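Asker: Handing you this structure, nothing more for now.
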Amino acid sequence: MAPITRRNNRVATKPPARQPIPKNVMTELSIKHNKACMLCGKKDISEKLYGLMYQLNDVIVHCYCILLSSNAVQNGADNEGIWGFLLKDIKAELVRGSKEICVYCNKKGATISCCGVKCRKVFHLPCGLKNGSMHQYFLSFKSFCQEHRIPQIIDSSELQNSTPSQCAICKDAVTRSRSPNSIWAPCCKHNAWFHRECIQDLALSAGYFFKCPLCNDVEKFKPRMLTLGIYIPSRDASWETVPNAFAELSERQIICSIETCLCPHEEKRKFQHAFGSWEILPCNFCGSNGTHRLCSSIKIGKDWYCTVCKGVKDKNEINKNKIQLELLDNGNCSSSSTMFEEKVPSCNRNVSQRLNNEIMHNEDQPHNIIDSNDSDHCSIQSISDDESSNTHDIDPQNTHLQVEQMPQIRLPRISSYGSVSSGYFRNLLNRCSPLPTNQPMSIDLTSDDDDD
């Protein structure tokens, strides 16, 4: 019975050839160790064909040989034995294989059986591959001889097309047929032909990121490749494990891109020093263009902008200044009555508008307008400068607006003044011109207490 699961997330030790093999530890061997697999008898190590070679105490096997053995059972976890195959189970499979004869080489030690109906062929893995066998590296890890291998399902239009096709990976010619050496991708359909070896190399390199090299499809492409016998390891891509694999992406060679370069060196625009006159400074905006410090007369500590970015920078500053001027113009004292109306949205809009109009018409009689923030009721109060005068609440539901007349005292002219808890109108008045100091003040502009 073949193993059900396979997770390649364990790292085996790789001792040098001169050092002794540690005991009770799975060890990855190399060609220099000059040891043969006890299942197939081969010393070759090829991850594409037979898998890597491992040794655990006195047992040495190829990874694919033990995976595809018909009666090998993965009874342990991945960190036990050789990828979950315990030492006693491997020895039991070796004993069983010693009694089986390979149909191709007529030697004992065959442990792989064809899963075809009523097929009793038994062979070694290398012998089977030479004679067109196919092996599936997922679920139950089935093996098929050349007669019972699973054929590809290819659109008839692709097989009838006489146009020469090339492999999308190596760009060499590939035959449009159902032969084991040609693979057709069902996700792309048209002109999606590959060599089997090219697809297998891509799978070993990509690992988890294996997908169609033409359309990046995974849902259709990956299951079809597994069915056709492509081994996809469960590991990170090779380009992810190489140290500093993407270091060159953070490097960019910047040259002096101004119209007239003054550098006397032979490399001219490419020549640069770490500091000094011939230091190349990148554009402070785009970073793509550069200039020698001397060529653009840039002082130390100053930034440099290329022609394109400088135009954008100047335009942004002009627009920013316009916005600031518009804000200043819209925030003067003449617009205080309009702002006052916007600050009392909870009251009746008509009442506040009539109140503002009344104040603007009676310029000789300035008033102190207070917007009450009391949550129980919404009212607008008109308070005179006479401390003995009473405060009258103006109900927004009444159509008659009551405004108490001020004594005939000349005070500084103020269009309107609202005392609210947010201090909105106080900030607005601070931006106006200061009041004359030689005239008496009878209005307390700093009071925000609406209850006094």
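Asker: Take D44 and K322, extend 7 Å from each Cα along the Cα→Cβ direction, and tell me the distance between the two endpoints in nm.
Answerer: Label-label distance for D44 and K322, simple model: 7.5 nm.
Asker: Rounded to the nearest whole Å², what accessible area per residue is found for the stretch 80-135 with the 1.4 Å probe?
Answerer: Ligands and nucleic acids excluded, the result is 50 Å² per residue.
Asker: What is the sum of charges around L29, taking Lys and Arg as +1, Asp and Glu as -1, for the other residues whose C-beta is under 12 Å from the C-beta of L29?
Answerer: +2
Asker: Using a Förster distance of 45 Å, how high is the FRET efficiency between D172 and A92, based on the Cβ-Cβ distance and rounded to 0.05?
Answerer: 0.50
Asker: Turning to a different aspect of this structure: With a cap of 15 neighbouring Cβ atoms within 10 Å, and only residues DSSP puts in a loop, list the chymotrypsin sites (Phe, Trp or Tyr not before Pro) found in the stretch 225-313.
Answerer: Sites meeting the loop and neighbour criteria: F246, F275.
Asker: Here's a follow-up. Can you tell me the accessible area per residue over the stretch 198-294, all protein chains present, probe 1.4 angstrom, in square angstrom?
Answerer: 61
Asker: Please give the Cα centre distance for the stretch 143-178 versus the stretch 305-319, rounded to the nearest Å.
Answerer: 58
Asker: Probe radius 1.4 Å, ligands and nucleic acids ignored: give me the carbon and sulfur share of the accessible area of the stretch 189-266 as a rounded percent.
Answerer: On the stretch 189-266, the fraction of accessible area on carbon and sulfur atoms equals 51 percent.
Asker: Given a Förster distance of 45 Å, report the FRET efficiency between A247 and N106 from their Cβ-Cβ distance, rounded to the nearest 0.05.
Answerer: 0.25
Asker: Where a Cα-Cα gap under 24 Å defines reach, which lysines qualify for K14, not counting those fewer than 8 residues away within the same chain?
Answerer: Partners within reach: K23, K32, K35, K42, K43, K48, K88, K91.
Asker: For V218 and Q19 in one chain, what is 0.36 nm times their gap in residues minus the Cα-Cα distance, to one decimal in nm?
Answerer: Gain on extension, V218 to Q19, equals 67.3 nm.
The values are calculated or read from the model by the stated rules, or taken from the named source; none is laboratory data. What you see is a predicted model, and the numbers here were worked out from it, not measured in a lab. Here the Cβ is made from the backbone with ideal geometry for all residues, glycine too, and neighbour counts use every protein chain on show. Just the protein is used for accessible areas: all its heavy atoms, side chains included, with ligands, DNA and RNA removed. Shrake-Rupley method; radii C 1.70, N 1.55, O 1.52, S 1.80 Å.
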